[in-house]
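First up is the structure itself, then whatever we jot down about it.
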Amino acid sequence: MRVVLLGTGGYHPNDLRQTACIMLPEVGILLDAGTGLYRARKYLQTEYLDIFLTHAHLDHIVGLTYLLEIEHFHRLHRITVYGDHQTLLAVEDHLFAEPVFPKRPGIHFQPLGPETPIAGGGQVRHFPLDHPGGCLGYRLDWPARSVAYVTDTVARPQSAYLRHLVGVDLLLHECYFPDTYAELAEKTGHSYTSAVADLARLANVGRLVLVHLNPASEEKDPVHLGTAQSIFPATQLGEDYLEIDF
């Protein structure tokens, strides 16, 4: 199965990265709906989309408005947007408020249950993360493979969500700051390089890809990848358009 990184930046796009959006084309899944969502049109393989939102901060939801364009070029029989009650209510009441965006795409909002079945015989589980206003992480499991997506949280060795990551084949985890900004990461509800790598090591994941990088830095490697690799060698820096087989 393939993962395509449509947006690997946080807060706002810059010349290198759009904001959070991860696609699994074969099963019609999007994780978050940031500004990178407009790129999904190029990769669509299904007549449906299942979109799982982590939270309602604008850099993770604004791409839902781009679905109008995607619908124009592709016949989609179903678009389902999943999230917790608070997130879905915020999207419906604010993002799609008539003065803000009067033409709503043909989407259906679906509150998350304990487990959500997905194409290919898989299922999605969610878990809470530590971020101002709240956030969810996701783990997607199929009989022979698994991927987890964790963004907008503080990575710590004692983090409760670590248990949901144990043994996952591919971990996509936010890494907003390098270690030199560790204190700021804690204050803002984000993660820094060595903490993320240590979490991946403790969870014994197969592979770690760093996403949701700070857009204030336009360096190719804003989080010092070598630091992460010294702790967890199977670490890669996420870049827009990167395709990963797992």
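Below 9 angstrom from the Cβ of Thr151, what's the summed charge of the other residues (Lys, Arg +1; Asp, Glu -1)?
Here the count lands on -3.
Run the reach check for Lys187 against lysines, Cα to Cα strictly under 28 Å, same-chain hits fewer than 8 apart removed. What comes back?
Lys220
On each of the three principal axes of the Cα atoms of the chain, give max minus min coordinate, whole Å, ordered largest first.
47, 40, 30
Under the 0.36 nm per residue contour assumption, what length would be gained going from the current alpha-carbon distance of Phe109 and Ala97 to full extension?
Values: separation 12, 0.36 × 12 = 4.32 nm, distance 1.50 nm.
Contour length minus the Cα-Cα distance gives 2.8 nm.
To the nearest 20 debye, what is the magnitude of the charge dipole of the range 103-246 about its Cα centre, counting +1 on the Cβ of each Lys and Arg and -1 on the Cβ of each Asp and Glu? Walk me through the numbers before you get to the answer.
Values: 11 positive and 17 negative charges, 110 e Å.
Here the size comes out at about 520 debye.
Heavy-atom accessible area per residue, the range 1-122, 1.4 Å probe: how many Å²? List each step's numbers first, then the result.
Numbers: 5320 Å² over 122 residues.
Accessible area per residue: 44 Å².
Can you run phi through the Karplus equation (6.51, -1.76, 1.60; θ = phi - 60°) for the range 209-215 and list ³J(HN,Hα) in whole Hz, with x for Gly and Pro?
10, 8, 9, 6, 8, 5, x
Working from the pairwise distances between different alpha carbons, so that the mean of 1/r is found and then inverted, what is the range 71-125's Kirkwood radius in Å?
Working: mean 1/r = 0.0772 Å⁻¹.
By the Kirkwood definition, the hydrodynamic radius is 13.0 Å.
Under unit Cβ charges (Lys, Arg +1; Asp, Glu -1), what dipole magnitude, rounded to 20 debye, does the chain have relative to its Cα centre?
In debye, rounded to 20, the chain gives about 480.
Using the per-residue mean of other Cβ atoms lying within 10 Å as a proxy for protection, in what order, highest first, do the peptides 55-65, 225-235 fall?
55-65, 225-235
Kindly express, to the nearest 10 degrees and within the range 0 to 90, the angle between helix 193-203's C-alpha long axis and the longest C-alpha principal axis of the chain.
90 degrees
Loop only per DSSP, at most 15 neighbouring Cβ atoms within 10 Å: give me the trypsin sites (Lys or Arg not before Pro) in the range 170-246, ordered by residue number.
Qualifying residues, ordered by number: Lys220.
State the dimensionless ratio Rg/Rh of the range 18-160 (Rg: radius of gyration of Cα atoms; Rh: Kirkwood radius).
Values: Rg = 14.7 Å, Rh = 15.5 Å.
For the range 18-160, the value is 0.95.
Determine the sum of side-chain charges near Tyr192: Lys and Arg each +1, Asp and Glu each -1, restricted to other residues whose C-beta is under 12 angstrom from that of Tyr192. Could you put the intermediate results ahead of the total?
Working: positive: Arg156, Lys187; negative: Glu174, Asp179, Glu183, Glu186, Asp198.
That works out to -3.
So what is the calculated 222 nm ellipticity per residue for the chain, using -39500 (n - 2.57) for each DSSP H run with n of 4 or more, over all residues, to the nearest 500 deg cm²/dmol? Show your work: numbers first, answer last.
Numbers: 6 runs with 42 residues, N = 246.
Rounded to the nearest 500, the figure is -4500 deg cm²/dmol.
By the scheme Lys and Arg +1, Asp and Glu -1, what is the net charge of all other residues having a beta-carbon under 15 Å from that of Ala160?
Numbers: positive: Arg125, Arg139, Arg156, Arg163; negative: Asp130.
Net local charge, Ala160 excluded: +3.
Any number yet on Rg/Rh for the range 111-165, C-alpha, Kirkwood?
Details: Rg = 12.0 Å, Rh = 12.0 Å.
Reported Rg/Rh (Cα atoms, Kirkwood Rh): 0.99.
Roughly how large, in nm² to one decimal, is the mean projection of the convex hull of the alpha-carbon atoms in the range 126-214? Provide the component values of the computation, followed by the final result.
Numbers: hull surface 20.4 nm².
If I average the Cα hull's projected area over directions, I get 5.1 nm².
Taking N as the number of residues in the range 161-210, what is its Cα Rg relative to 2.2 N^0.38 Å?
Details: Rg = 10.9 Å, N = 50, 2.2 N^0.38 = 9.7 Å.
Working it through for the range 161-210, the quotient is 1.12.
The values are calculated or read from the model by the stated rules, or taken from the named source; none is laboratory data. Because the structure is predicted, anything quoted here is derived from the model rather than measured. Quick reminder, even Gly has a Cβ in these numbers, built from the backbone with ideal geometry, and neighbours come from all protein chains shown. These area figures cover heavy atoms from the full protein model, side chains too; ligands, DNA and RNA do not enter into them. Shrake-Rupley method; radii C 1.70, N 1.55, O 1.52, S 1.80 Å.
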